[in-house]
Amino acid sequence: ARARLFCSLLSLPEPGSLIVPIMMGEAKRALAASAVMEKAGFYVPAIRPPTVPPGGSRLRFSFSAAHSEAEVVAAADALKRGGFL
């Protein structure tokens, strides 16, 4: 439910699991977005080569029932404010 809320807030396709990848393309952009999220209080790792192919870097959001709806909304807002969506 939290992953679905997050995706709906960002107009993303409905997720198939509790993990929501957000494509960033280049590793530098993924690292910058991860840093913005960390500064906002969220741990969102940047997945980059060699784990994924070059140009396939992404953020990996993982949600659980332990996350409040307010936290999910705040994470979506932080991603938008950072200019990454």
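The values are calculated or read from the model by the stated rules, or taken from the named source; none is laboratory data. Not measured: the values here are computed from a predicted model. All Cβ positions, glycine included, derive from the backbone under ideal geometry; neighbour counts span all protein chains shown. Note: areas computed on protein heavy atoms with side chains; ligands, DNA, RNA excluded. Shrake-Rupley method; radii C 1.70, N 1.55, O 1.52, S 1.80 Å.
Structure values in brief
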{"quantity": "Region 61-73: number of residues that are among the hydrophobic types (A, V, I, L, M, F, W, C) and surrounded by 15 or more Cβ atoms within 10 Å (Cβ to Cβ)", "calculated": "3"}
{"quantity": "Residue in region 61-80 that is out of contact with any Gly (no Cβ under 6 Å at 6 or more places or on another chain) and on the phi > 0 side of the Ramachandran plot present", "calculated": "no"}
{"quantity": "Matching residues in region 57-76 - criterion: being part of a helix (DSSP H, G or I) and in contact with a helix residue (DSSP H, G or I) (Cβ under 8 Å, 6 or more places away or on another chain)", "calculated": "Glu69, Val72, Val73, Ala75, Ala76"}
{"quantity": "Near pairs, Cβ below 9 angstrom, 6+ apart or cross-chain, from region 59-84 (β-branched (Val, Ile, Thr)) to any residue that is open to solvent by less than 20 Å² (accessible area, probe 1.4 Å) and in a helix (DSSP H, G or I)", "calculated": "Val72/Ala3; Val72/Phe6; Val73/Phe6"}
{"quantity": "Conditions (1) surrounded by 17 or more Cβ atoms within 10 Å (Cβ to Cβ); (2) within 12 Å of the chain's Cα centre (by Cα); (3) outside any strand (DSSP E or B); number of the one not met by Lys80", "calculated": "(1)"}
{"quantity": "Scan of region 27-56 for residues that are open to solvent by 40 Å² or more (accessible area, probe 1.4 Å) and either within 15 Å of Gly83 (Cα to Cα) or assigned to a helix (DSSP H, G or I) (or both), ordered by number", "calculated": "Lys28, Arg29, Leu31, Ala32, Ala35, Val36, Glu38, Lys39, Ala40"}
{"quantity": "Counted residues, region 39-76 - those being under 19 Å from Gly16 (Cα atoms) and of a type in the set (D, E, K, R)", "calculated": "3"}
